[in-house]
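The values are calculated or read from the model by the stated rules, or taken from the named source; none is laboratory data. Keep in mind the model is a prediction, meaning the values are calculated, not measured. Heads up, the Cβs are rebuilt from the backbone with ideal geometry, glycines too, and the neighbour counts pull from every protein chain shown. Calculation scope for accessible area: heavy atoms of the full protein, side chains included, ligands and nucleic acids excluded. Shrake-Rupley method; radii C 1.70, N 1.55, O 1.52, S 1.80 Å.
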Amino acid sequence: MAFDIPRNIILPVDAVEVRLDPAPHPFEIANREAIERNWSAEKTERPALFDGTVVLLSELSYAAGRLRGCCHAIRYATFLHWRGNPSIPGAEHAFAQAMLVSRDNALITIRMASHTVNAGSVYFAAGSFEPTDFVDGIADIDLNMIREVGEETGLDISQARRAGRYHVMSADGGTVIFRRYFLDLDAEEIAERIRGFVAKETEPEIDGPVIIGGPHDLPDGLKPYMRPLVEWHFSGAE
């Protein structure tokens, strides 16, 4: 199966079957020394980094609205080394994002804090899949989305109305699986709640919320893959 998914196009997804393989990722095995060297350099630059556990794909395919794949638990240090060498075959990254939509149809994104690896970047609150995001060995996309939004913004979206299906867009930098979550508050009310949460955190992951009110309202620091997602939302696509 390897990686067989159209690139740079938003596709509807009715089912996600991404399994967690207990075996080590071949990329991690083959690059141990380089991973350690890179991790030492990353820690020197950002001492707050934590070498936790995330996952990295070894396979991903899309056909007839179904997303299938295989991933392996890896060190965060391994992920950072891969991120600097994404052209090495046999490994790719996928992540999920809850597309937060306010009552007045704005998009609620966040700007990452200066001590993080994505300092200053703007995107929907999200993070890499972790082994705890898998239920019976299969990725639970909404579990990941709800957890990450809560950790970064303090918002509980577990009871929010959500779109009936996922969508996916795969590009050179990775594959994003996203879904609209509709919040019953106006954008500024949501942003104020996030600001209040951030103000109480000792070391918040984000600087704060960023409201995107239309397809041309693109903030500085917006991740490149976000632009087509923003345009897609404001086009009224389903």
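Which value in deg cm²/dmol, rounded to the nearest 500, describes the helix-derived mean residue ellipticity at 222 nm for the chain, given -39,500 (n - 2.57) per DSSP H run of n ≥ 4 and division by the residue count?
-8000 deg cm²/dmol
What order, most packed first, do the peptides 100-107, 37-44 have when packing is the mean number of other Cβ atoms within 10 Å of each residue?
Packing order, densest peptide first, comes out as 100-107, 37-44.
Based on the alpha-carbon gyration tensor of the range 125-238 and its eigenvalue square roots a ≥ b ≥ c, which shape applies: rounded if a/c is under 1.5, prolate if not and a/b is larger than b/c, or oblate?
It is rounded, given that a/c, with a ≥ b ≥ c, falls under 1.5.
In whole Å, what are the extents of the range 14-70 along the principal axes defined by its C-alpha atoms, from largest to smallest?
So the three principal-axis extents are 46, 24, 17 Å.
Run the numbers on the chain and let me know its relative contact order in percent, using alpha-carbon pairs under 8 Å that are six or more apart.
Across the chain, relative contact order equals 23 percent.
Heavy atoms only, probe 1.4 Å: what % of the accessible area of the range 98-238 goes to carbon and sulfur, would you let me know?
Accessible surface attributable to carbon and sulfur in the range 98-238 totals 48 percent.
Two-decimal Rg/Rh of the range 94-155 from alpha-carbon positions, Kirkwood Rh?
Dividing the radius of gyration by the Kirkwood radius yields 1.00.
Would you please give the residues with an amide H less than 5 Å from that of ILE74, counting only those at least 5 places away or on a separate chain, with H modeled from the backbone geometry?
VAL54, VAL55, LEU56
If the elastic network links every pair of Cα atoms under 10 Å, which of ALA191, ALA126, ALA171 fluctuates the most in the Gaussian network model of the chain?
For the chain, modelled as a Gaussian network with Cα springs under 10 Å, the answer is ALA171.
If you take Rg/Rh (Cα atoms, Kirkwood Rh) from the coordinates, which of (1) 1.02; (2) 0.95; (3) 1.07 do you get?
(2)
What is the range 37-147 by shape, rounded, prolate or oblate, if you read a ≥ b ≥ c off the alpha carbon gyration tensor as root eigenvalues and call it rounded for a/c under 1.5, prolate for a/b larger than b/c, and oblate otherwise?
oblate
For the chain, what is the accessible area per residue in Å², given a 1.4 Å probe and the full set of protein chains?
With the other protein chains kept in place, the chain gives 47 Å² per residue.
Under the classification rounded if a/c is under 1.5, otherwise prolate if a/b is larger than b/c and oblate if not, where does the range 1-101 fall, given a ≥ b ≥ c as square roots of the Cα gyration tensor eigenvalues?
Since a/c reaches 1.5 and a/b is larger than b/c, the shape of the range 1-101 is classed as prolate.
To the nearest Å, what is the center-to-center distance of the range 82-139 and the range 140-208, using C-alpha atoms only?
Centre-to-centre distance over Cα atoms comes out at 10 Å.
Could you pull the accessible area for HIS72 with a 1.4 Å probe, rounded to 10 Å²?
10 Å²
What number, in percent, do you get for the relative contact order of the range 1-89 if the mean sequence gap of Cα pairs under 8 Å and at least 6 apart is divided by its residue count?
42 percent
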